Amino acid sequence: MARYTGPVCRLCRREGTKLFLKGDRCTSGKCALDRRSAAPGQHGAANKKVREYGMQLREKQKTRRYYGVLERQFVNYFEEADRKEGMTGENLICLLERRLDNVVYRMGFASSHKEARQLVLHGHFTVNGKKVNIPSFIVKAGDEIAVKESSRSSAKFKDLAEAAATHTAPKWLDVKADAFCAKVVSLPAREDVDFDFNEQLIVELYSK
């Protein structure tokens, strides 16, 4: 499957906002966006008039890159969100939030979505007691996500548990860092997501 392998800081600069793709580095003085806010490329600093389509495209790209989702996957999520009752944009964000790699990130057991994806791929997490190594696995209300028993004794996960203990998790997750687990107490609502999205622009883009 195709994936982006270039410098991820270029993605933040292109979207003009922090996507937190490099974990703690994004909140330090080493953040590339703080040092070079212009978009990458020869003409990145040029003042360009952004049209309606450009605004919609950038919002879609920003959301897709934040969650680490490929284009085809993102379209599939949108189509599924459109079939559900309620607001399509809110349904889309709810689906993306319920990806297992995002849940691990929200639990505080990873400093970035990329790290969370890697940990899931390596089989370190279980859902309701069964090992799941699919980052795109969609959790449901009532599911319990936990670090696999054999992984808990590693120095890596002991450090992650300490970090998770000081992490502020969203209210739809009941995280018990000392027990290496979390429970999905409810489905995430739009107001539970603190990242700046304008999902209506994405709906308008795909509705043309």
Taking other Cβ within 10 Å of each residue's Cβ, how do ARG72, ARG64, ARG99 sort, fewest first? ARG72, ARG64, ARG99
Along the stretch 183-194, Karplus-curve 3J(HN,Hα) (6.51, -1.76, 1.60; θ = phi - 60°) to the nearest Hz, with x for Gly and Pro, reads 10, 7, 7, 6, 6, x, 9, 4, 6, 7, 9, 8
Net length gained if the chain between ARG51 and GLU162 were fully extended (0.36 nm per residue, minus Cα distance): 35.4 nm
Bin by bin, in steps of 10 Å, what percent of the Cα pairs in the stretch 99-184 do you find, going until the bin that has the longest distance? 20, 62, 18, 0
Candidate aspartates and glutamates - alpha carbon under 20 Å from LYS148, same-chain residues fewer than 8 apart omitted: ASP101, GLU115, ASP159, GLU162, ASP174, ASP178
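Every read-out reported here was derived from the displayed coordinates using simple, explicitly stated rules and does not represent laboratory data. Treat the numbers as computed from the prediction; the structure is a model and nothing was measured. No Cβ is skipped: glycine too gets one built from the backbone with ideal geometry, and neighbour counts run over all protein chains shown.
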